[in-house]
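Notes follow the structure.
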Amino acid sequence: MEHLLDIEELCRILGVKKATIYAWIYQHKIPHIKLGRLVRFRESEIIDWIAAGSRSQGLLSAPIKKLKGSSYKPTIQCDYVEKIVRGAKEHVLRRASQN
């Protein structure tokens with residue numbers, strides 16, 4: 001049987017907070033399984049999701065719009081997010097190769 005990640009494991013792997021994972025689940029941006037009230041993640045699906053660059057899954061697909069008449073600037077640079085995703089991908093792939 002394939003290893004299922006719980007939310008804490010996935011948070012450590014991706015380097016994000018639980019609230020972020022729950023938001024992605026709600027927005028259907030990350031593959032997940034609901035087991036009653038529990039949420040689990042198939043390791044292979046997460047590897048594929050990360051390998052897809054996350055852009056096609058919606059993580060970074062929303063355009064950043066500048067509001068008219070404002071000095072709005074995004075707080076997170078795409079390079080930073082991509083670095084996190086790259087690190088998470090490497091971590092998951094290392095773990096998968098150990099099994």
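Just so you know, all these numbers are worked out from the coordinates, no wet-lab data involved. Remember, it's a predicted structure, so these values are computed and weren't measured experimentally. Methodologically, a virtual Cβ is constructed for each residue, glycine included, from the backbone with ideal geometry; neighbour enumeration extends over all protein chains shown.
Worth a mention:
- For the stretch 40-49, 3J(HN,Hα) per residue [Karplus equation, 6.51 cos²θ - 1.76 cosθ + 1.60, θ = phi - 60°, Hz, x = Gly/Pro]: 10, 10, 6, 4, 5, 5, 5, 4, 5, 4
- Kirkwood Rh in Å, taken over the stretch 1-47 so that all alpha-carbon pairs contribute: 10.7
- Computed 3J(HN,Hα) for the stretch 13-26, one whole-Hz value per residue from the Karplus formula 6.51 cos²θ - 1.76 cosθ + 1.60 where θ = phi - 60°, is 5, 8, x, 10, 7, 4, 4, 5, 4, 4, 5, 4, 4, 4, glycine and proline marked x.
- Fewest-first ranking of I13, I25, I33, using other Cβ atoms within 10 Å as the exposure measure: I33, I25, I13
- Local electrostatic count at A23 - Lys and Arg +1, Asp and Glu -1, tallied over other residues with Cβ under 14 Å: +3
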